[in-house]
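Remarks on the structure that follows.
The values are calculated or read from the model by the stated rules, or taken from the named source; none is laboratory data. Predicted model only: the values in this text are computed from it and were never measured. Keep in mind that these areas ignore ligands, DNA and RNA; they rest on the heavy atoms of the full protein, side chains included. Shrake-Rupley method; radii C 1.70, N 1.55, O 1.52, S 1.80 Å.
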Amino acid sequence: MANTAQARKRARQNTKRRQNSASQRSMVRTYLKRVDAAIEAKDYDAATEAYNKAVPVLDRMADKGIIHKNKAARRKSRLNKTIKGLQA
């Protein structure tokens, strides 16, 4: 347990930041699930729309450090590739 005032404050800050980060990670997962659901349904238009909404969210979270920038780029690339396959 934290013994000094400084350590107690850091513990409070860490808790707040951890909860905020968890919330943001959850939001990213929700957007990605929407894209995946549209892909599963083989609905090109819905998948494209969901993807276009998910991309800025992924980029923002990568900028904030919630997820790694390469992970965001990889997810975008794979989703886009899958959606392009639906069109054909």
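Applying the Karplus relation 6.51 cos²θ - 1.76 cosθ + 1.60 with θ = phi - 60° to segment 5-10 yields 3J(HN,Hα) values of 4, 4, 5, 5, 5, 4 Hz, where x marks Gly and Pro. Rolling a 1.4 Å probe across the protein heavy atoms gives the chain an accessible surface of 74 Å² per residue. Sorting R78, R60 on solvent-accessible area from highest to lowest, probe radius 1.4 Å, gives R78, R60.
Using the Kirkwood radius built from alpha carbon pairs, what does the Stokes-Einstein equation give as D for the chain at 4 °C and 1.567 mPa s, in µm² per second? The estimated diffusion coefficient comes to 89 µm²/s.
Across the chain, the relative contact order, built from alpha-carbon pairs under 8 Å that are at least six residues apart, equals 27 percent.
Give me the percent of the accessible area of the chain that comes from carbon and sulfur atoms, probe 1.4 Å, all protein chains in place. Here carbon and sulfur together make up 47 percent of the probe-accessible area. Extension gain for M1 to Q24 (0.36 nm times residue separation, less C-alpha to C-alpha distance): 5.5 nm.
Largest first, the residues I83, I66 sort by 1.4 Å accessible area into I66, I83.
Derived scalar couplings between HN and Hα for segment 32-37 equal 5, 5, 5, 5, 4, 5 Hz in order, rounded to whole Hz, by the Karplus curve 6.51 cos²θ - 1.76 cosθ + 1.60 (θ = phi - 60°), x for Gly and Pro.
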